[in-house]
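Read through the structure below, which is laid out as structure tokens, and then see the notes.
The values are calculated or read from the model by the stated rules, or taken from the named source; none is laboratory data. These numbers come from a predicted model, not from an experiment. Note that each Cβ is placed from the backbone with ideal geometry, even for glycine, and that neighbours are counted across all protein chains shown.
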Amino acid sequence: MAGTLPKPLVDFHVHLFPDRLFEAIWRRFVTDYGWAVLHPLYWRQSLDYLRERGVGAVVYSNYAHRPGIARSLNDWNLARLDDDPDLYCFAAFHPGDADGLAMADDLMGHPRILGFKLQLLVQRFPPDDERLFPLCERVISRGKRLLFHVGTGPVGNEFVGAGPFGRLLARYPDLPAIVAHMGALEYEAFGKLLAAHSRLCLDTAFAFLPRLGNPFNLGAGFLERHRDRILYGSDFPNILFPREDEIDTLMGLGLSQEACDAIFRDNGIRLIGEGAQTRP
């Protein structure tokens, strides 16, 4: 029997930025891709919108698109965490910052900073850049995680793909990492990496939207087999279609209740709990 949607949801892939940076990102979406986001909502409006629609815990991220801005972004992140006790963050990091590792060490002491976001398409360095190795080692030792945009969708460049990410995992096979967007568009390749690395997870954001083209194509069986390492995420508010479209697509696959509970709620709760257990 197909499962039902658990309540409340845990949304493990939300974007929150300071207002002016949000506006700059939305402008780039239009100029670079011809995309106009459906909900150009600022951070507080975004949280209100999600909470009004059955979302409890929200896990968000932002990223430093160039050196020199991660610290100000993370100061903003700390203020947002003070504002909302059920908000969790993948903080900003850029390996070009001289103080980046010291800042990361400080941030990992916060129980609701779960790790760091690396948006490799935009930041333009590969996942196996040796400048990231100290961060990987710190994340492993401190019980945190890295959230990677490392797939080739919606577009790719020389810094993303299953090949470069596989080289990082060859060096750190137990790296606690999340690959956004189910690894789109290399679903099969990232699926094989998931099967081979027990601390790897995938999130659903932007991967179950048939109207967008190239949706996830490995079927419900893949989600059932790996249900303990798939996380629901909406990509809100930087979406082109209603977030309900992705939920409806996932629920239309006829997943078991165990899979629905795990993907939409329980896995997120578990990873939040693990990230809160900071170690020196």
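A few comments on the model shown:
- Counted residues, segment 137-187 - those being among the small types (G, A, S), more than 17 Å from G115 (Cα to Cα) and in a loop (DSSP other than H, G, I, E, B): 5
- Within segment 207-228, residues that are over 22 Å from T152 (Cα atoms) reach no partner that is at pLDDT below 90 and surrounded by 15 or more Cβ atoms within 10 Å (Cβ to Cβ) with beta carbons closer than 9 Å at six or more positions or on different chains.
Table: residues versus (1) touching a residue at least 12 places away in the same chain (Cβ under 8 Å); (2) surrounded by fewer than 20 Cβ atoms within 10 Å (Cβ to Cβ).
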| residue | (1), (2) |
| --- | --- |
| P8 | yes, yes |
| F29 | yes, yes |
| D32 | no, yes |
| L38 | yes, yes |
| N62 | yes, no |
| H65 | yes, yes |
| W76 | yes, yes |
| G96 | yes, yes |
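To keep it simple, each residue is scored yes or no on (1) outside any strand (DSSP E or B); (2) in contact with a Gly (Cβ under 8 Å, 6 or more places away or on another chain).
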position: A36; (1), (2): yes, no
position: H65; (1), (2): yes, no
position: N77; (1), (2): yes, no
position: F90; (1), (2): no, yes
position: A102; (1), (2): yes, no
position: L121; (1), (2): yes, yes
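- Scanning segment 221-246 for residues that are among the acidic types (D, E), in contact with an Asp or Glu (Cβ under 9 Å, 6 or more places away or on another chain) and part of a helix (DSSP H, G or I) yields E224, D228, E246.
- Criterion violated by F190 - all others in (1) surrounded by 18 or more Cβ atoms within 10 Å (Cβ to Cβ); (2) assigned to a loop (DSSP other than H, G, I, E, B) satisfied: (2)
- Options I239, I263: the member that is farther than 26 Å from P111 by Cα, surrounded by 20 or more Cβ atoms within 10 Å (Cβ to Cβ) and β-branched (V, I, T): I239
- Taking residues in segment 155-170 that are of a type in the set (D, E), and partners anywhere that are not in a helix (DSSP H, G or I), the pairs with Cβ atoms closer than 8 Å and at least 6 places apart or on different chains are E158/P126.
- The one condition in (1) within 30 Å of P154 (Cβ to Cβ); (2) in contact with a helix residue (DSSP H, G or I) (Cβ under 6 Å, 6 or more places away or on another chain) that E130 fails to fulfil: (2)
- Scanning segment 10-27 for residues that are surrounded by 15 or more Cβ atoms within 10 Å (Cβ to Cβ) and either among the aliphatic types (A, V, I, L, M) or in a strand (DSSP E or B) (or both) yields V10, D11, F12, H13, V14, H15, L16, L21, I25.
- The number of residues in segment 207-230 being within 24 Å of I272 (Cα to Cα) and touching a Pro at 6+ places or on another chain (Cβ under 8 Å) comes to 2.
- Residue under evaluation R211, criteria (1) surrounded by fewer than 17 Cβ atoms within 10 Å (Cβ to Cβ); (2) modelled with pLDDT under 95; (3) in a loop (DSSP other than H, G, I, E, B), criterion not met: (3)
- Criterion: in contact with a Leu (Cβ under 6 Å, 6 or more places away or on another chain), of a type in the set (A, V, I, L, M) and over 17 Å from K117 (Cα atoms) - qualifying residue of L212, L200, L218, L194: L194
- Criterion: farther than 30 Å from R44 by Cα and within 16 Å of the chain's Cα centre (by Cα) - qualifying residue of F236, F165: F165
- Total residues in segment 123-136, condition within 24 Å of E274 (Cα to Cα) and assigned to a helix (DSSP H, G or I): 5
- Taking the criterion of being part of a helix (DSSP H, G or I) and closer than 25 Å to V14 by Cβ, the residues of segment 193-206 that qualify are L193, L194.
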